[in-house]
1. Could you pull the accessible area for Ile148 with a 1.4 Å probe, rounded to 10 Å²?
2. What's the extension gain from Glu404 to Gln326 if we count 0.36 nm per residue and subtract their Cα-Cα distance?
3. Given 0.36 nm per residue, what is the gain on full extension from Leu283 to Tyr63 after removing their alpha carbon distance, in nm?
4. Using a 7 Å offset from the Cα along the Cα-to-Cβ direction at both Glu274 and Leu52, what is the distance between the two label points in nm, to one decimal?
5. Tell me the Kirkwood radius of the range 368-417: reciprocal of the mean inverse pair distance over distinct alpha-carbon atoms, in Å.
6. By how many nm would the segment from Val178 to Ile16 lengthen if fully extended, with 0.36 nm per residue of separation less the alpha-carbon distance?
7. When the solvent-accessible surface of protein heavy atoms is calculated with a 1.4 angstrom probe, in what order do Cys166, Cys189 fall, highest first?
8. Taking a 1.4 Å probe, which of Asp409, Asp157, Asp398 shows the most accessible area, and what order do the others take after it?
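The values are calculated or read from the model by the stated rules, or taken from the named source; none is laboratory data. A quick note: this is a predicted structure, and the numbers were derived from the prediction, not measured. Cβ: placed from backbone, ideal geometry, glycine included. Neighbour counts: every protein chain shown. Each accessible area value is taken on the protein alone, full model and side chains, heavy atoms only, with ligands, DNA and RNA left out. Shrake-Rupley method; radii C 1.70, N 1.55, O 1.52, S 1.80 Å.
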Amino acid sequence: MRRPHLDRWLWIGFLILGALLLILFGRILKGLQDLPGAESEALRSELLFGALGVLILAGWGVYLLTRGLQHHLRSFQSSLRKLGVDSTERQLPLPDSQEFAELGRTIWELLDAYQQRLGQLSRENEEQALLLASMQEGYVAVDRDYRILRTNSVAADTLKFSLQECLGRDFRELIRNVDLHRGLEQLLCGETMEDQDLRVFVDGEEMSLRLSGTPLWLPGDEITGALIFFTDITRLQRLETMRRDFVANVSHELKTPITSVKGAVETLLGGAMEDPEMGRKFLQIAERNADRLNAIIDDLLILSRIEDGKSHALEMSWVRLEEVLQQVRQVCEPKAAGKSISMLIECPEGLQVQINPPLLEQALVNLVDNAIKYSEPQTQVRLKASQEQSLLTIEVQDEGFGVEVKHVDRLFERFYRVDKARSRKVGGTGLGLAIVKHIVHAHGGAIQVRSALGQGSTFCLELPQPQLASATPEPSPNVIETAS
């Protein structure tokens, strides 16, 4: 039921007052009937005009009062609306009426206290949001129905969902994992989750997550939801797997020549030394495997030095690339001559590049040496260099056996061999391509492989280059071929 306005109450009161006056006037007239006629008429006229005057004055007063109230109320209402629209308004316009002015000041004091409290809550909320956004861990808060209440960008990026669209969704729809769902149920039952490692699939990709969680309690020991923290440990586990594989591979690679050396020494001690020919044979075996051990250890030390140099600035210098390629040719030429393999160098004349010459030379020697090892006699190995704007490209092409596609992604892993028997036969340590990859990465570049069985392989090094301070003339290709 709607309550009448104040002005209507005033008019109702005025009508009631008028009715009472009329009743009183009627009783007075009835009492004047005992007076003489002329005197009675005069009193009646005076009372009638007096009553009408009182009613008129009262009505006029009520009218002025209601009009003033309406004016002050509209002014006060307009001031409040202005204050609500303009959040920068720091003072409430007060009406002329003292009563309404006091009411306005009271309201303003309440609003000012409310705004201060609201500002404090806003600052606390911003600080909390900043703290949660800066967390390195992802978190998801859910209610008892598993609906997401709050999360952060780390969780959204890791689990591949939209930060805005996920709120209110069932968390179990985003991550479908039985162990995770069981852990959520335990959290909502009041239990805690301590560093549980789970493997989940996100967009078809397997990930490893380390989760911990706690229930969300309300006063009165009532559980209102659960809070889950998780860290992406996929890369960490991959590195741990690589470390284990590396230790196992190093142990295997070192154990093989050590076993051969030990067997040769035991044979010699068992009496083979008495036979000069047999003694020489087993000493050669021991020497060959000792050289292999030395080569493996040297390659491991090289890898260690390159990796350690990542934390320091690589010493770079401007050199003519053609001179570096000639050095590579001189180092590899004897082995190429032994298999009648010709080497072809294509490099723009006068091309200057900023590199670490010893490291890049070692990387190219490893690639050319592999190309010679795994190529048939009377074939060709090509070294081709070019530069477009700020990218230097060096390609090492051979006409060897080639590599199947399934092996290409793993070629640069330490001790990985496509054909273990052939690799050991030609004397490889299994670390050459790993060294090449680390040298290229130390230069801030990338390496790619194109290969097919029976069609040879091409290793492409892409190294970023700064611009020379002075303009240099357009280089022309310079082709140098050595045939053995």
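1. 10
2. The span from Glu404 to Gln326 would gain 25.0 nm if fully extended.
3. On the way: separation 220, 0.36 × 220 = 79.20 nm, distance 12.90 nm.
Contour length minus Cα-Cα distance gives 66.3 nm.
4. 16.3
5. The answer is 12.8 Å.
6. Numbers: separation 162, 0.36 × 162 = 58.32 nm, distance 7.83 nm.
Stretched out fully, the Val178 to Ile16 stretch lengthens by 50.5 nm.
7. I get Cys189, Cys166, largest accessible area first.
8. Asp409, Asp157, Asp398
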